[in-house]
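Worksheet: one structure, shown below.
The values are calculated or read from the model by the stated rules, or taken from the named source; none is laboratory data. Since the model is a prediction, treat every value here as computed from it, not as a measurement. We place every Cβ from the backbone using ideal geometry, glycine too, and count neighbours over all the protein chains shown. Ligands, DNA and RNA are stripped out before the accessible areas are found, and what is left, the full protein with its side chains, is counted by its heavy atoms. Shrake-Rupley method; radii C 1.70, N 1.55, O 1.52, S 1.80 Å.
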Amino acid sequence: MLILRGVSRPLLPARTFPAWFPAALFVLLIAADQWLKSWALAHLHAGQPPVPFLPGLLGWVLTFNTGAAWSMFSGSARLLAVGRILVGLAIVAYVYLRPQTRFMTVVLTMIAAGAVGNSIDGLRAGQVTDMLYSPLLSSVTRAINGSEFPIFNLADSYVVLGTLLLLVGSFTGDSRKKTAIETQETVRAD
């Protein structure tokens, strides 16, 4: 606890969203993922060449994945879906049982929504619908190992972006905590 002028407060005050926010974000992210998958199924055809959306950055290509990233565990879509949904719901429960900062609430909810979004496909169709192709990312992976970057979907993006933000946040959170501890020690010394 940091004590200033006789007032006690937590070292790093948690800024949390209202209780409804994680659930609303979770539902909104899953709805966007499912909508884009439905759109792709209605407007794209498997096996067709990429259709540019943002030339050089992003295009549309309809594919299906019965496994995980880079087609690992192919043929295991339903089993993976059960695991994904359990992980996603466990993360949502964690956010409610242990309220997080706003940043962590958003990041964890993104990861949970991504896991559940892909599990819906796996349970419903036995495969995950993918439609986003990145020529830029493919040029990087071709340079590294000669292969194309996997075609992905919004749920995949939520998981990857959420995980990257979680990593970045873990480094910046440590520096904020260190600064707060140094401030606390300075206040005590006075």
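Looking at region 114-123, is at least one residue closer than 15 Å to Lys37 by Cα, in contact with a helix residue (DSSP H, G or I) (Cβ under 9 Å, 6 or more places away or on another chain) and open to solvent by 20 Å² or more (accessible area, probe 1.4 Å)? Within region 114-123 (the criterion being closer than 15 Å to Lys37 by Cα, in contact with a helix residue (DSSP H, G or I) (Cβ under 9 Å, 6 or more places away or on another chain) and open to solvent by 20 Å² or more (accessible area, probe 1.4 Å)), the answer is yes, since at least one residue qualifies. Checked against (1) open to solvent by 60 Å² or more (accessible area, probe 1.4 Å); (2) modelled with pLDDT under 95, Gly83 meets all criteria but (1).
Residues in region 94-107 that are touching a helix residue (DSSP H, G or I) at 6+ places or on another chain (Cβ under 9 Å) and free of Cβ contacts under 8 Å to residues at least 60 places away in the same chain: Tyr94 alone. Scanning region 125-165 for residues that are touching a helix residue (DSSP H, G or I) at 6+ places or on another chain (Cβ under 7 Å), part of a helix (DSSP H, G or I), touching a residue at least 60 places away in the same chain (Cβ under 8 Å) and not acidic (Asp, Glu) yields Leu154, Ala155, Tyr158, Leu165. Checked against (1) over 14 Å from the mean Cα position of the chain (by Cα); (2) open to solvent by 50 Å² or more (accessible area, probe 1.4 Å); (3) at pLDDT 95 or above, Tyr133 meets all criteria but (2). Restricting attention to region 90-102, the residues that are modelled with pLDDT under 95 and open to solvent by 80 Å² or more (accessible area, probe 1.4 Å) add up to 5.
Restricting region 21-43 to residues that are of a type in the set (A, V, I, L, M) and within 11 Å of Thr129 (Cα to Cα), the residue that is most open to solvent (accessible area, probe 1.4 Å) is Leu41.
Of all residues in region 142-163, those satisfying the criterion of being open to solvent by 80 Å² or more (accessible area, probe 1.4 Å) and either over 16 Å from Ile91 (Cβ atoms) or at pLDDT below 90 (or both) are Arg142, Ala143, Ile144, Asn145, Glu148.
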